[in-house]
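Structure, as structure tokens:
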Amino acid sequence: KRVVVFISGGGSNMLALADACAAPDSPAEIVAVISDKAEAAGLAKAKARGIPTFAFERKNYDGKAEHEAAILAALDELQPDILCLAGYMRLISGAFIGRYDGRILNIHPSLLPLFAGLHTHQRAIDAGMKIAGCTVHFVTEGMDEGPIIAQAAVPVLGTDTAEKLAARLLGVEHKLYPLALKLVAEGMVRMEGGRAILSPVA
Ligand code: GRF
């Protein structure tokens, strides 16, 4: 399956996906990395791995529709089967999602439906959570609310700061996302009727 990964920053999840897809038996191949920030550090890391990169600086476009149209035109050339949002800090429109319905994944650093949105680690600590986690889900129009594909949890320690918890979680994200992508690329999980359906092993 052809995969395009979307990033806005460091791209550590993109790298984890790239490393997993480099395995000879991988059902997924990353054909490009796209960013809404020309300076995203992840772009250089993707280039270093020989992965084509495309930057679409939001300020170069009059509006959201024009920005998305440029990205969609690039995707039409790339013909991806699956889009993976990985630290992509922009909401995509219903029209865009509709073009790739059921084929867009996102990783969010909380155990959804808890703590959708930003500052998830501090909010988990402030709420006195004893576990925190990350979620890979299908992207739907609402933010961080699509059908859940996979989740993983880590302990929240009494000495945790948001930074410490984020670092602990990031290592787990780097295992969870490749697993979730593999399940979708192999057709073991699909989105149907607004739910993530796990198929029995064929
Ligand atoms: C990660 O916590 C991820 O869950 C969130 O963005 C953060 C940075 O991701 N989506 P990355 O290092 O850019 O992949």
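No lab work stands behind these numbers, since they all come straight from the coordinates. These numbers come from a predicted model, not from an experiment. Cβ sites come from the backbone with ideal geometry, for glycine too, and all protein chains shown count toward neighbours.
Counting lysine pairs in the chain that sit 8 or more residues apart in sequence, or on different chains, and whose Cα atoms lie under 20 Å apart gives 9. The residue among His119, Gly10, Thr159 whose Cα reaches farthest toward the positive pole of the charge dipole of the chain, with charges on the beta-carbon of Lys, Arg, Asp and Glu, is Thr159. Rounded to the nearest 20 debye, the dipole magnitude of the chain is 380 debye, with +1 charges on Lys and Arg beta carbons, -1 on Asp and Glu beta carbons, and the Cα centre as origin. Going by neighbour counts of Cβ atoms within 10 Å, the residues Glu163, Glu29 line up, fewest first, as Glu163, Glu29. Loop-located trypsin sites (Lys or Arg not before Pro) in the stretch 128-171 (DSSP state other than H, G, I, E, B) with a sparse environment of at most 11 neighbouring Cβ atoms within 10 Å: Lys130.
Principal axis analysis of the Cα atoms in the stretch 18-151 yields extents of 46, 41, 29 Å, listed in decreasing size.
Based on DSSP H segments of at least four residues, each scored -39500 (n - 2.57), the chain has a per-residue ellipticity at 222 nm of -10500 deg cm²/dmol.
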